[in-house]
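Report on one structure; see the data block that follows.
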Amino acid sequence: MALMIIAIALSVSTCVLSSPINHQHTPIEIRQPVRSYETESNNTPIPILHQEQEVEFDGTYHTSFETGNGIIAHEEGHLKHAGEKDEDAVEEVQGEVQYTAPDGTIIKLRYIANENGFQPEGDHLPKAPVDENTPPPVPPAIARALEYIAAHPQQEDEETQTAKAHH
């Protein structure tokens, strides 16, 4: 009897395995909307007026370029020995970028990056307070929002007042 059950099981499994399996599937096409943005650019190529790159065997480098639309950039880097061992060496990079903002303002950014992080400087950047007791100025939009909030205090509904009274 057991032999008959095994024979039936084998014949059923053979039939199942030998029958063709339909692997056809219908692909689902997913489309994302493509946004088109109009830019003020007329796609005219901007010429590189000057470009210079120098790399030394020790990793020291200097690079600079100037474009036809007034972008000027200079950067140099070198390995700075912060300690006595070669493992203590850090790369120090310093440079300057100048360009004209859309409103016509000349933006000039000077920077240094080393073991103390990236340290930018420029007249267009916000300045840190002179001392710890002088807070930075409040931006005009935030000042208006604070004035509005003070003039329009939030009214609590009856349910909130009841909940506060029970606590």
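The numbers here are math on the coordinates, done by the rules we state, and not lab data. In this text, all values refer to a predicted model and were calculated from it rather than measured experimentally. Quick reminder, even Gly has a Cβ in these numbers, built from the backbone with ideal geometry, and neighbours come from all protein chains shown.
Computed values, structure above
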read-out: Region 48-142: C-alpha pair distances exceeding 15 Å, %; value: 72
read-out: Order of ARG144, ARG110 - criterion: other Cβ atoms within 10 Å of each residue's Cβ, fewest first; value: ARG144, ARG110
read-out: Charge sum, other residues only, whose C-beta stays under 14 Å from PRO139's C-beta, Lys/Arg counted +1 and Asp/Glu -1; value: +1
read-out: Ranked LYS127, LYS80, criterion: other C-beta atoms within 10 Å, fewest first; value: LYS127, LYS80
read-out: Region 119-164 - Debye-derived log10 I(q)/I(0), Cα point model, q = 0.24 Å⁻¹; value: -0.95
read-out: Burial ordering of THR60, THR134, fewest other beta-carbon atoms within 10 Å first; value: THR134, THR60
read-out: Other-chain or far-sequence residues with amide H under 5 Å of LEU49's (modelled H); value: GLU66, THR67, GLY68
read-out: In Hz, Karplus ³J(HN,Hα) per residue of region 146-157 (6.51, -1.76, 1.60; θ = phi - 60°; x = Gly, Pro); value: 5, 5, 5, 4, 5, 7, 10, x, 6, 8, 7, 7
